[in-house]
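The values are calculated or read from the model by the stated rules, or taken from the named source; none is laboratory data. Being a predicted model, the structure only gives us computed values, none of them experimental. When we count neighbours, we look across all protein chains shown, and the Cβ atoms used for this are built from the backbone with ideal geometry, even at glycine. Note: accessible area is taken over every heavy atom of the protein model, side chains too, but ligands, DNA and RNA are not part of it. Shrake-Rupley method; radii C 1.70, N 1.55, O 1.52, S 1.80 Å.
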Amino acid sequence: MQRRVIKQETAQTNSAVMGVKERVGHAILFELIALGLMIPLTAIITGRGAGELVLVGVALSLYTVVWNFCYNLIFDTWCSVPRLQRNLALRLAHVAGFEGGLIFVTVPSVAWYLDISLLHALALEAGFLLFFFAYALLFNWAYDSIRSHYWGKLS
């Protein structure tokens, strides 16, 4: 009986805390899927070549991976609600804070590289923001659910 309780506690601990390796993997997976979706979509919408947008996308993704790691580490430290018990309001607040932090770097960077006005870059960023708001919400919810299932089978 005691062994079973220890296994359950270990599974709960493992499912609640992400280590450094997992955080890095989470961020990279998030960005790779996002790039695969966003580059073709942005090329269609803007009429720019996918090659030009790949460089912008990869550079911003590298920055975003670092921001993702730092932001989620801080958020998880601040938030005492276990990942699987986070409700929609908390997940929306999480995404809003993350995306808001990105705008301060991405808008000027995109404007400079694509040689467009800050207003045009802001409009492009608004489209990205809408996409990523929904994408981040769904990705993280799915990730947490899949992760919980995976860790549950290990215990």
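Quick grid of which residues meet (1) modelled with pLDDT of 85 or more; (2) more than 19 Å from LEU29 (Cα to Cα); (3) among the small types (Gly, Ala, Ser):
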position	(1), (2), (3)
SER61	no, no, yes
TRP78	yes, yes, no
LEU88	yes, yes, no
VAL107	yes, yes, no
VAL110	yes, yes, no
ALA123	yes, yes, yes
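Of all residue pairs spaced 6 or more apart or on separate chains, those with beta-carbon atoms under 7 Å, a first member in the range 94-121 that is of a type in the set (Phe, Trp, Tyr) and a second member that is open to solvent by less than 30 Å² (accessible area, probe 1.4 Å) are PHE98/ALA136; TYR113/VAL56. Within the bounds of the range 141-148, is there any residue that is basic (Lys, Arg), over 19 Å from GLU22 (Cα atoms) and either out of contact with any Gly (no Cβ under 7 Å at 6 or more places or on another chain) or open to solvent by less than 50 Å² (accessible area, probe 1.4 Å) (or both)? Scanning the range 141-148, I find no residue that is basic (Lys, Arg), over 19 Å from GLU22 (Cα atoms) and either out of contact with any Gly (no Cβ under 7 Å at 6 or more places or on another chain) or open to solvent by less than 50 Å² (accessible area, probe 1.4 Å) (or both), so the answer is no. Applying the set (1) open to solvent by less than 50 Å² (accessible area, probe 1.4 Å); (2) in a helix (DSSP H, G or I) to PHE133 leaves exactly one unmet item: (1). Identify the residue in the range 14-56 that is closer than 19 Å to HIS120 by Cα, small (Gly, Ala, Ser) and not in a helix (DSSP H, G or I) and, among all such residues, is most open to solvent (accessible area, probe 1.4 Å). Restricting to residues being closer than 19 Å to HIS120 by Cα, small (Gly, Ala, Ser) and not in a helix (DSSP H, G or I), the top hit is GLY47.
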